[in-house]
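Inspection log for the structure reproduced underneath, given as structure tokens.
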Amino acid sequence: MTDFQQKVFLTLLDKGVLAIAAVLLGYWISKRLEQYKTDQQRVSALERDKVVLENELDKLRHTRQIEFKEKQLSQFYWPIYFRFAQDSAIWKIVPQLSNQDTALPDSVGREIELNHLIRNHKEIVSLMESNIHFAQPDPELLHEIAAYVRHVAVYSALRSTQTYDLNPIDLGEPFPAGLISSLETRLNKLQSEYDALAHPRSRPS
């Protein structure tokens, strides 16, 4: 093979190698671009999934908040509030409990105490003991609830022994004066929070 032929052969060989290298480089670049696109699509899909998951978690938290506040209202605050409303309407007409003038004879007052007032108080205590976890009481409310439970225990004990000339206040266990107002304040606040969560108002555009 002459020098000229060798030079031609080497030149063609170099070009072939360069062509092959260019093809391989182009293939590698193409694959890398495809991989990059795939990775980007995966990242975008993960970001979309993350947003969807966060939205679902927000909805779940929102639903849990509503459900818990609903239980607070329906299993603690409203039942107790209405029973205290009954109590407030009745005790004032009982001669043994009130200084107000009343036309009720003592025997009727005693019947009302045993069959209505004490029964109502025991129902309230039962609600408090069973559902205190729904109340989430602060120390002040917890103190008032404990004082009320003691008041009812003494009241019930006195009447069960047919002792009508003494009331719990005479034995150092008066009805806690701030209990009903504390419950009512928390009830109104909780009801407002529940309404805001369950029936949110749309913001004006």
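The values are calculated or read from the model by the stated rules, or taken from the named source; none is laboratory data. The shown structure was predicted, so the numbers you read here are calculated from the model rather than taken from an experiment. Cβ sites come from the backbone with ideal geometry, for glycine too, and all protein chains shown count toward neighbours.
A few comments on the model shown:
- A Cβ distance below 8 Å, combined with a sequence gap of six or more or placement on separate chains, defines the contacts here; from the range 130-142, residues that are in a loop (DSSP other than H, G, I, E, B) reach residues that are surrounded by 13 or more Cβ atoms within 10 Å (Cβ to Cβ) and not small (G, A, S) in the pairs Q136/Q72; P137/I145.
- Qualifying residue in the range 188-198 (condition: of a type in the set (K, R) and not in a helix (DSSP H, G or I)): no
- Subset of the range 145-186 that is assigned to a loop (DSSP other than H, G, I, E, B) and charged (D, E, K, R) - its residue that is farthest from V94 (Cα to Cα): E173
- Verdict on S98 being more than 38 Å from the chain's Cα centre (by Cα) and either part of a loop (DSSP other than H, G, I, E, B) or closer than 26 Å to K71 by Cα (or both): yes
- Contacts under 8 angstrom Cβ, first residue in the range 112-125 being without any contact (Cβ under 8 Å) to a residue 40 or more places away in the chain, partner of a type in the set (K, R), 6 or more apart: N120/R83
- Residue that is modelled with the lowest pLDDT [pool: residues in the range 13-66 that are of a type in the set (K, R) and more than 30 Å from A198 (Cβ to Cβ)]: K15
- Test for S44: is it surrounded by 10 or more Cβ atoms within 10 Å (Cβ to Cβ) and farther than 30 Å from T185 by Cβ: yes
- Of all residues in the range 27-74, those satisfying the criterion of being of a type in the set (D, E, K, R) and either closer than 30 Å to Q136 by Cα or touching a residue at least 60 places away in the same chain (Cβ under 8 Å) (or both) are E54, E56, D58, K59, R61, R64, E67, K69, E70, K71.
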